[in-house]
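Comments concern the structure below.
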Amino acid sequence: IKIYSLHVDCKVTSRFAHTVITSKIVNQANESREATFEVELPKTAFITNFSMSIDGKVYPGIIKEKASAQKEYDTAVSHGLSAGLVKITGRKLEQFHVSVSIAAASKVTFELMYEELLKRQLGKFELLIKVRPKQLVKHFQIDVHIFEPQGIRFLETGSTFMTNELTEALTKVQNETKAHILFKPTVDQQKINPELDETLLNGDFVVRYDVKRGAAAGDIQIVNGYFVHYFAPHEMPVFPKNVIFVIDRSGSMAGRKIEQTRDALLKILQDLRLEDHFSFITFNRKVVEWKSSLLQATAENVASAAGFVQTLSASGGTDINRALLTAVSVLDKAERLPERSVSMIILLTDGQPTSGESNVEVIQENIQKAVNGKYTLFCLGFGFDVSYRFLEKMALSNGGIARRIYENADAALQLQGFYQEVATPILMKIEMQYPENAIEGLTKNNFKLFFEGSEIIVSGKISNELDLLPVEIKAQSHMSDLTLKEEANVKEKEQVFQNQSYIFGNFIERLWAYLTIQQLLEKSISAQEEDQKTLEAQALELSLQYSFVTPLTSMVVTKPAGQEQAELANKPTEAG
């Protein structure tokens, strides 16, 4: 079985990435063989299409509601389920895997299409392409086209497998608003050494970039009656933070995990700003406060905290409820904190609540009542023994986010990286306002906090014949209350994309659908049961209309007669 052609074609238009992977395989044996298509794609992406062509006949993947697809599938396959075609393979990736049997001398072409909205983190967008053909490929090619009307501020490529020879196969052409990256190694360049047929191509191929930013009120783009508004202010004063680290030191954290936690906390302590206030609460079945109140991040206090962190050891049960309630009460009682400041609780745990209150619903309710919208809660789940769903619901109900920390060598870096994302709040209570009677289907437009290096994205449909789209942004900065205004000329904005040959025409509409689905799903996590059903029904309808494989839909992959008739591709979620 030989892969004779593998092409990754990625078009990024204004952060929205549309990727097509095409693999062509020939069976050179004189009997039928199994041909496999295995690719890894970012977890943040939605698959939108898949097909197999065997000797000219096309077998398309069909996207259906998950429940009904599952029912049909169960009927067809009486001998039990196969594992499904998609599974999570790591911190950022999931794997799509399908096999089909093809006759001697036959050819098959696999084609997978997926889309995602690139998220700005720490000042850059990252496009990740996983490369692992497992054999030498005669025609191997990665094409990345980027079009950013705001202008490209910087662009870099990186890879975990580059050698000097392979660098020669990489070209980059760039002007003000466009870039084309081509990676096209010959068979000889792909070899680990000339004698062996082993490939070097195994790892990540990454493109990182950022855009230029002019207007204070962000940048608006419009195509076919849909708009997207990007807002990423920079060089603004940072709010002082009041942060409480709530650290699990139960028995399961012993060993490597508590070591990595200590390493990360020592680095994080160095990153605190002088005007920040902080404290630590550690817990197993007992809850211990390092100090009874928040301390300012002076050199002396930071050194004292570092001494404390170095003594952290792990044993005993897990009382998440009391640990978090203690953190809230420390913030409630705090005095002399900077008037305009941001208060947050960062919980790190690796297990289920086993001591004290262990009913997760009761804990969620207790914490939400105590926090009462005053503070932001971030939940970091270390490893796979945590109830991620519980942490995610708790964080989302209290204005924060949850993140899984993978038990790898780089766990300390993952913890630090998370802290860096939330370390520099520069705006709070952000409201993005648009004319009410002229916009339909507006995505989320008010935000609790904005962190330096990220980006706010709002999208919607312009309902009537507007000539000008006025926008008003209200927010609080460290120094003052801001109001920013901007007007977009609809006709002029539509013009920008008119003559771009490689842009798929309705990309803002698809971006809007992608963003809306993501937000509906996120909202449903912390919603009450009846609201949950409504939110999921809306997300399902959009998933089907725009053909996205989301947690509510399945793609049914059909195969030639005589083979396992159909398989399902589902979207795995971090909560499983």
Give the residues of region 167-178 that are within 18 Å of H18 (Cα to Cα) and assigned to a loop (DSSP other than H, G, I, E, B), sorted by residue number. T177
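Residue-by-condition table, conditions (1) in a loop (DSSP other than H, G, I, E, B); (2) hydrophobic (A, V, I, L, M, F, W, C); (3) free of Cβ contacts under 8 Å to residues at least 40 places away in the same chain:
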position	(1), (2), (3)
V144	no, yes, no
L155	no, yes, no
E165	no, no, yes
H180	no, no, yes
P194	yes, no, yes
Consider F161 carefully, then state whether it is buried (at least 18 other Cβ atoms within 10 Å of the Cβ) and more than 29 Å from S53 (Cβ to Cβ). no
May I ask you to verify whether V12 is hydrophobic (A, V, I, L, M, F, W, C) and under 25 Å from S547 (Cβ atoms)? yes
Which one of the conditions (1) on the phi > 0 side of the Ramachandran plot; (2) open to solvent by less than 10 Å² (accessible area, probe 1.4 Å) does G316 fail to meet, given that it meets all the rest? (2)
It is to be established whether one or more residues within region 28-36 are in contact (Cβ under 8 Å) with a residue 12 or more places away in the chain, farther than 16 Å from E564 by Cα, of a type outside the set (G, A, S) and assigned to a strand (DSSP E or B). no
Can you name the number of the only condition in (1) under 28 Å from K374 (Cβ atoms); (2) open to solvent by 50 Å² or more (accessible area, probe 1.4 Å); (3) within 27 Å of the chain's Cα centre (by Cα); (4) not acidic (D, E) that L520 fails? (2)
Output for region 372-383, where each listed residue is in contact (Cβ under 8 Å) with a residue 12 or more places away in the chain and either open to solvent by less than 20 Å² (accessible area, probe 1.4 Å) or not small (G, A, S) (or both): K374, Y375, T376, L377, F378, C379, L380, G381, F382, G383
Any residue at all in region 27-37 that's buried (at least 21 other Cβ atoms within 10 Å of the Cβ) and within 30 Å of A537 (Cα to Cα)? no
For the structure I just gave you, tell me whether H229 is closer than 27 Å to L41 by Cβ, in contact with an Asp or Glu (Cβ under 9 Å, 6 or more places away or on another chain) and assigned to a strand (DSSP E or B). no
In region 348-371, what residues are open to solvent by 30 Å² or more (accessible area, probe 1.4 Å), closer than 14 Å to V287 by Cα and of a type in the set (S, T, N, Q)? T354
Can Q221 be described as part of a loop (DSSP other than H, G, I, E, B) and surrounded by 13 or more Cβ atoms within 10 Å (Cβ to Cβ)? no
Scanning region 527-576 for residues that are in a helix (DSSP H, G or I) and touching a residue at least 24 places away in the same chain (Cβ under 8 Å), the one most open to solvent (accessible area, probe 1.4 Å) turns out to be Q545
Return the residue satisfying two criteria in turn: it lies in region 38-57 and is assigned to a strand (DSSP E or B) and open to solvent by 40 Å² or more (accessible area, probe 1.4 Å), and of such residues it is farthest from M555 (Cα to Cα). K57
Only one of (1) within 18 Å of the chain's Cα centre (by Cα); (2) buried (at least 19 other Cβ atoms within 10 Å of the Cβ) is not met by N398, so which one is it? (1)
Before we move on, is M479 more than 30 Å from E365 (Cβ to Cβ), open to solvent by 70 Å² or more (accessible area, probe 1.4 Å), outside the structural domain of G84 (by the TED database) and not small (G, A, S)? yes
Elements of type strands (runs of 3 or more DSSP E) contained in region 418-511, each with 2 or more residues being out of contact with any Asp or Glu (no Cβ under 6 Å at 6 or more places or on another chain) and of a type in the set (D, E): 481-489
Inspect all residues belonging to region 324-335 and state whether any of them is more than 22 Å from L427 (Cβ to Cβ), open to solvent by 10 Å² or more (accessible area, probe 1.4 Å), polar (S, T, N, Q) and assigned to a loop (DSSP other than H, G, I, E, B). no
Yes or no: region 484-492 includes at least one residue that is within 30 Å of H180 (Cα to Cα), of a type in the set (K, R), in contact (Cβ under 8 Å) with a residue 12 or more places away in the chain and open to solvent by less than 60 Å² (accessible area, probe 1.4 Å). no
Return a yes/no flag: does region 259-270 have any residue that is within 30 Å of L128 (Cα to Cα), out of contact with any helix residue (DSSP H, G or I) (no Cβ under 6 Å at 6 or more places or on another chain), outside the structural domain of V144 (by the TED database) and open to solvent by less than 20 Å² (accessible area, probe 1.4 Å). yes
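The values are calculated or read from the model by the stated rules, or taken from the named source; none is laboratory data. Note that this is a predicted model, so its numbers are computed, not measured. Backbone-built Cβ (ideal geometry, glycine too); neighbour counts: all protein chains shown. Surface areas here come from the heavy atoms of the whole protein model, side chains and all, with no ligands, DNA or RNA. Shrake-Rupley method; radii C 1.70, N 1.55, O 1.52, S 1.80 Å.
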